[in-house]
1. Let me confirm something: among 18, 6, which residue is at positive phi and at pLDDT below 95?
2. Give me a count of the residues in the range 57-76 that are surrounded by fewer than 20 Cβ atoms within 10 Å (Cβ to Cβ) and either within 11 Å of the chain's Cα centre (by Cα) or without any contact (Cβ under 8 Å) to a residue 40 or more places away in the chain (or both).
3. Which members of the range 197-218 meet the condition of being aliphatic (A, V, I, L, M) and either over 28 Å from residue 98 (Cα atoms) or surrounded by fewer than 15 Cβ atoms within 10 Å (Cβ to Cβ) (or both)?
4. Can you work out which of the residues in the range 79-102 that are touching a residue at least 24 places away in the same chain (Cβ under 8 Å) and not small (Gly, Ala, Ser) is farthest from residue 41 (Cα to Cα)?
5. Identify, from the list 215, 124, the residue that is modelled with pLDDT of 95 or more and small (Gly, Ala, Ser).
6. Can we say residue 221 is part of a helix (DSSP H, G or I), farther than 30 Å from residue 72 by Cβ, in contact (Cβ under 8 Å) with a residue 12 or more places away in the chain and out of contact with any Lys or Arg (no Cβ under 7 Å at 6 or more places or on another chain)?
7. In this structure, is residue 176 assigned to a helix (DSSP H, G or I) and touching a helix residue (DSSP H, G or I) at 6+ places or on another chain (Cβ under 9 Å)?
Amino acid sequence: MPKMAGQLLVGACLLMDGFSAPVFGWAPANAAVTLFWVVALMNAVNFLDNMDGIAAGIGAVAGLGFAALGLVTGRMTEALLGTALAGACAGFLFFNFSPASIFLGDAGSLLVGATLARLSLGAADSGRGASGVLAALIVLAYPVFDITFVTSVRLLEGRKVYQGGRDHSSHRFDRLLKNGRRTALAVYLLSALLSVAGWTAYSSARVGVAWLVTAMVLLFFVGLGLSLARVPVGSPGKGA
């Protein structure tokens, strides 16, 4: 509960600072979506802090992705914040890449998640309409996919969502690739491709392009989830 309260406080601070997900035409509904998004994303990044280099690498790649989105519309605050996050995560990754000598822990992963939430809200509310919202979702599609995937699997198996276990998408990638470094690099590549897809949706003058890219990303992750669900995992216990 204290952790959840802190996450809600972060969301409330962003709302007070003027950041809100422009999904509906009613401010209270947007505020509720914003709080849900901030809490969900912070937990998504925290969930992905389950193998060496995964969460920090995603923070670095997504930070650069949002920096690029900021440059498209001349929003230098987003560009600088995204670059700063990428630089901080990259510097940390030097010691966190497998085999890691230092780790993010809850404090680090939640901070990365909170910063990504701030960047995504900035992109969503940048005056690009639906394209901004969709682009933010696309850039962060992998963390969103992982928390959705692992939550669904655990609920279907009758387990508590926070029980923990080596059943995340990253763990299943590791079972297939049989190497922690290759797994981390595969996640980085996927995150980079999503950033390019998000940039395409964001920079296009036609909102139909953004919807098309979003549909393609959604179909990809549905197929990926169905495939990874068949990959055997370790027994529940350790892990996020």
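The values are calculated or read from the model by the stated rules, or taken from the named source; none is laboratory data. Predicted model only: the values in this text are computed from it and were never measured. Reconstructed Cβ throughout: ideal geometry from the backbone, glycine too, with neighbour counts over all protein chains shown.
1. Within the list 18, 6, the selection yields 18.
2. Total meeting the criteria: 3.
3. The initial filter retains those residues of the range 197-218 that are aliphatic (A, V, I, L, M), namely 197, 201, 205, 207, 209-210, 212-213, 215-218.
201, 205, 207, 209, 210, 212, 213, 215, 216, 217, 218, listed by residue number.
4. Once the filter is applied, the top-ranked residue is 99.
5. Details: 124 fails: modelled with pLDDT of 95 or more.
Criteria check complete, one pass: 215.
6. On the way: part of a helix (DSSP H, G or I): yes; farther than 30 Å from residue 72 by Cβ: no; in contact (Cβ under 8 Å) with a residue 12 or more places away in the chain: yes; out of contact with any Lys or Arg (no Cβ under 7 Å at 6 or more places or on another chain): yes.
Judged against the criteria, residue 221 is not a match.
7. Details: assigned to a helix (DSSP H, G or I): yes; touching a helix residue (DSSP H, G or I) at 6+ places or on another chain (Cβ under 9 Å): yes.
In short, yes.
Yes or no, residue by residue, for (1) closer than 22 Å to residue 58 by Cα; (2) charged (D, E, K, R); (3) more than 17 Å from the chain's Cα centre (by Cα); (4) in a helix (DSSP H, G or I):
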residue: 182; (1), (2), (3), (4): yes, yes, yes, yes
residue: 193; (1), (2), (3), (4): yes, no, no, yes
residue: 200; (1), (2), (3), (4): yes, no, yes, yes
residue: 211; (1), (2), (3), (4): no, no, yes, yes
